[in-house]
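Asks: Quick one: the structure is below, and I'll ask about it shortly.
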Amino acid sequence: MAKYQASNFLTTSSATAQLDDELNMAQERIAELEEQIQQFTGESTSITSVQKLVLPISEINRDPKQVRRWFDPEKISSLAQAIRVNGFRGTVWVRYLPDGTPELVAGERRIRAAIEAGLDSIPVDVLDVDEDTAFTLGLLENLQREDLNALEETEGILGLLTRRLHCSQEDVTSLLYQMKNFHAGKSSESDERFSIVESAFGSVGRLTWLSFVTSRLPLLNLPEDVLEVLRQGQLEYTKARAIAKVKNAWQRESILEAAIEENLSLNEIRQRILQLRIGTEDEPEISLKQQFVDNFKRLQKSSAWKDPSKQEQLRKLIEQIQELASPPR
Amino acid sequence: MTNKIVLWIGANAGGVSKTTLAIHIGYEMARRGVKVLALDLDTNVSLAQFCGLPKDFNENNSTAAIFSEDFDGHYPIVTPEWGDLKGRFDVCLGGTVMVQVSLDLATRSRREYAVADVLTDHPVPHELVLLDCPASLGTLSDVALAASTHLLLPIEVSSKSLSGIDALLTWYRVNCRRLRLKPAPTILGVVPTQYNKDEAQQRGLMETLPDALTQQSINCYAPVRYTPEFKNAAMLGVPLQIHRPRHRAIQDIEPICNDLENLIYG
């Protein structure tokens, strides 16, 4: 490492530059979102900001339905550093619940950074939107981001579709499969909602409905314990996916726990999974009974019965089997 | 069709060759056929000195005139003896009268836009306007920022000057927003000046500077070397191109001039 580092002298402006980018992106997003939400709902809902306020962070109800739960701690820290240098610039969006509590619509990541930077309160834009629009807005806002993991994205898109089609998640899933069959020519059952689905994917603009059905919906079949950890944002998607490959439930559980508590890297996780495989390779997961039956057959054909040196061993084995086979006293 | 460029050569530390760059870039551009106007907002008289012009000006024959509320569009333009080239190199000189100008600005409406408004209301025929202003982040810097389309930031490769540029870049970003500049002036680049490759500290910092700036999406020009001939030329009131036409330091500003030429002729 060079002795003289120019970057050491440019930390403040770097942090400001980063915040600037954040702010630019946020502003562009507002404009885009307005357009998208109109496309999406087909109604001309303009997102009006009715008030600009400074609110204590502790008063803001941060929606537990938030799609995005994994936030890279390093990115939060560098954003927090920018906030320490320049203060919190821009706003997060909230709306008022009927009981008067402000609820966060978008800006979870920046709130976390503000908390880390030691702020008690932040500037907010109060949006005059109903629950449905707020939810759609929050989802759209998140779906536009590049760093949403695949599960978050999948559940987010499903959330959007259930809102748009006014039906349950199961109905949406089966509609999507029906669409896929129709598309593949396996079914002639068409549905007028197909076009709504297509236009919804068009306005999200991340991926096509078809690749969503083929590559994303199967994610929901990951083991429940893995899904849960992902939903709670305790682990990155790539790590969770690696762990999901472990078939044995308790082994998977123990790696999941270790990965979270010891903050294992992806490589370390792979290493541990490999160790598990090596450890169990010679004894595949076959029930004891099956093992007995298999070995019993082999023993019947074995030359051991004729081998004098094995007679004593066989006698002992038969005794043990008799003992195990007799009903408990 | 040419584009009009207003280039602010800005710094937050004195003695980093702001005026030297203005003179030499201006001369080279004029030599290439561009009409150049150096608008001096500085309170010192170095531009007059470097141009070999007399230093006795008042509020009527200096840049102070364009700050007058009843400015009629007659820019107080003077031309150095060597300023008549394929293009031309004109100046509006500043000096101590600018101290009063900056004080008077405090009570003026749209003060930050004083020069921007004048250039809009009374366009100059020049394709390239160079702004030279005091090395501080005061009102005159706001004025220069609001008037410029591009920024060129000379720095000395030293810890002091780098800390200065850090503050300047921070100030730039904050003020582009505060002044609602749309579009905000583009940073053409940072130019290391008075570069002496024999100094270990300068060499070390120079190695890491381009990367550090790239992280902020800022271009870093190759350094302009140190030579006492810049001072000697200034003493004589002529650019180095006239004083020592074959001096290698002249080549160091060429990349900047090439970029400006591209901007002007699109």
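Bear in mind these aren't lab numbers, they're just calculated from the coordinates by the rules spelled out. If you're wondering where the values come from, they're calculated on a predicted model, not measured in any experiment. Don't worry about glycine lacking a Cβ; one is built from the backbone with ideal geometry, like all the others, and counts go over all protein chains shown.
Asks: What's the magnitude of the charge dipole for segment A:208-255 around its Cα centre, counting Lys and Arg as +1 and Asp and Glu as -1 at the beta-carbon? Answer in Debye, nearest 20. Could the numbers behind the result be given before it?
Replies: Working: 7 positive and 5 negative charges, 40 e Å.
For segment A:208-255, the charge dipole is close to 180 debye.
Asks: Now for a different question. Let's test the formula: R0 of 35 Å, r as the Cβ-Cβ distance of A:LYS306 and A:ILE278. What FRET efficiency results, to the nearest 0.05?
Replies: On the way: r = 37 Å, r/R0 = 1.05.
Efficiency at R0 = 35 Å is approximately 0.45.
Asks: Which of the listed residues, B:GLY33, B:VAL124, A:LEU230, is farthest toward the dipole's positive end in the protein assembly as shown, when Lys, Arg count +1 and Asp, Glu count -1 at the beta-carbon?
Replies: Result: A:LEU230, furthest along the dipole toward the positive end.
Asks: Give the lysines whose C-alpha is closer than 19 Å to that of A:LYS306, dropping any in the same chain fewer than 8 places away, or say none.
Replies: A:LYS297, A:LYS316
Asks: Remind me, relative contact order of segment A:167-255 in percent, using alpha carbon pairs under 8 angstrom and six or more residues apart?
Replies: Working: 38 pairs, mean separation 14.8, N = 89.
Dividing the mean separation by the residue count of segment A:167-255 yields 17 percent.
Asks: Along the charge dipole of chain B, which of B:ASN219, B:ASN61, B:ASN258 sits closest to the positive end, that is, farthest toward it, with unit charges on the beta carbon of Lys, Arg, Asp and Glu (+1, +1, -1, -1)?
Replies: Positive-most Cα among the choices belongs to B:ASN219.
Asks: Now, a different point. State to the nearest 20 debye the size of the charge dipole of segment B:32-174 about its Cα centre, where the only charges are +1 on K and R beta carbons and -1 on D and E beta carbons. Display every interim value, and only then the final one.
Replies: Values: 10 positive and 19 negative charges, 89 e Å.
The dipole of segment B:32-174 has a size of about 420 debye.
Asks: Test of understanding: in a Gaussian network model of chain B with alpha carbons linked when under 10 Å, which of B:PHE230, B:PHE71, B:PHE89 would top the mean-square fluctuation ranking?
Replies: Largest GNM mean-square fluctuation: B:PHE71.
Asks: A further question follows. Please turn the phi angles of segment A:171-178 into ³J(HN,Hα) values with the Karplus equation 6.51 cos²θ - 1.76 cosθ + 1.60 (θ = phi - 60°), one per residue in order, whole Hz, x for glycine and proline.
Replies: Residue by residue, segment A:171-178 yields 4, 5, 4, 5, 4, 5, 5, 4 Hz.
Asks: Order of B:CYS176, B:CYS92, A:CYS167 from fewest to most other C-beta atoms within 10 Å? Before the final figure, lay out the partial values.
Replies: Working: B:CYS176 17, B:CYS92 23, A:CYS167 14.
So the ranking, lowest neighbour count to highest, is A:CYS167, B:CYS176, B:CYS92.
Asks: Let me ask something else. Mind listing the long-range amide H neighbours of B:ARG225? Cut-off is under 5 Å, sequence gap 5 or more, other chains count too, H placed in the peptide plane at 1.01 Å from N.
Replies: Residues meeting the amide H criterion: B:TYR195.
Asks: With a point put 7 Å past each Cα toward its Cβ, work out how far A:SER58 is from B:ASN60 in nm, to one decimal.
Replies: 6.8 nm
Asks: What spacing in nm lies between the two simple spin-label points modelled at A:ASN181 and B:ARG111, each 7 Å away from Cα in the Cβ direction?
Replies: Placing both labels 7 Å beyond Cα along the Cβ direction yields 7.5 nm.
Asks: If you don't mind, another one. Applying the Karplus parametrisation 6.51 cos²θ - 1.76 cosθ + 1.60 with θ = phi - 60° to the phi angles of segment A:315-327, what ³J(HN,Hα) value in whole Hz is obtained for each residue in order, glycine and proline being reported as x?
Replies: 4, 4, 5, 5, 4, 4, 5, 4, 4, 5, 6, 6, x
Asks: Determine the relative contact order of chain B: mean sequence separation of Cα pairs under 8 Å and six or more apart, normalised by residue count, in whole percent. Could you put the intermediate results ahead of the total?
Replies: On the way: 493 pairs, mean separation 72.0, N = 266.
Over chain B, the number comes to 27 percent.
Asks: Find the centroid of the Cα atoms in segment B:69-83 and in segment B:7-51, then give the distance between the two in whole Å.
Replies: 15 Å
Asks: At a Förster distance of 51 Å, what's the computed FRET efficiency of B:ASN232 paired with B:SER68, Cβ-Cβ distance as r, to 0.05? Don't skip to the answer; put the middle values down first.
Replies: Working: r = 37 Å, r/R0 = 0.73.
Rounded to the nearest 0.05, the efficiency is 0.85.
Asks: About the Cα centre, and with charges only on the beta carbon of Lys, Arg (+1) and Asp, Glu (-1), how big is the dipole of segment A:150-220? Nearest 20 debye, please.
Replies: Working: 7 positive and 9 negative charges, 30 e Å.
For this selection, approximately 140 debye.
Asks: Pull up all non-local amide H partners of A:ASN61: gap of 5 or more, or a different chain, and H-to-H distance under 5 Å with H placed in the peptide plane.
Replies: Residues meeting the criterion, in which the H sits 1.01 Å from N, are A:GLU103, A:LEU104.
Asks: Would you please give the residues with an amide H less than 5 Å from that of A:ILE122, counting only those at least 5 places away or on a separate chain, with H modeled from the backbone geometry?
Replies: Amide H to amide H, under 5 Å and 5 or more residues apart or across chains, A:ILE122 pairs with A:LEU55, A:ILE57.
Asks: Could you give each residue of segment B:226-235 its phi-based ³J(HN,Hα) in whole Hz, using Karplus coefficients 6.51, -1.76, 1.60 with θ = phi - 60°, and x for Gly or Pro?
Replies: My calculation for segment B:226-235 gives 6, 8, x, 5, 4, 5, 4, 5, 4, 4 Hz in order.
Asks: List the lysines whose alpha-carbon lies under 23 Å from that of A:LYS247, not counting same-chain residues fewer than 8 positions away?
Replies: A:LYS239, A:LYS289
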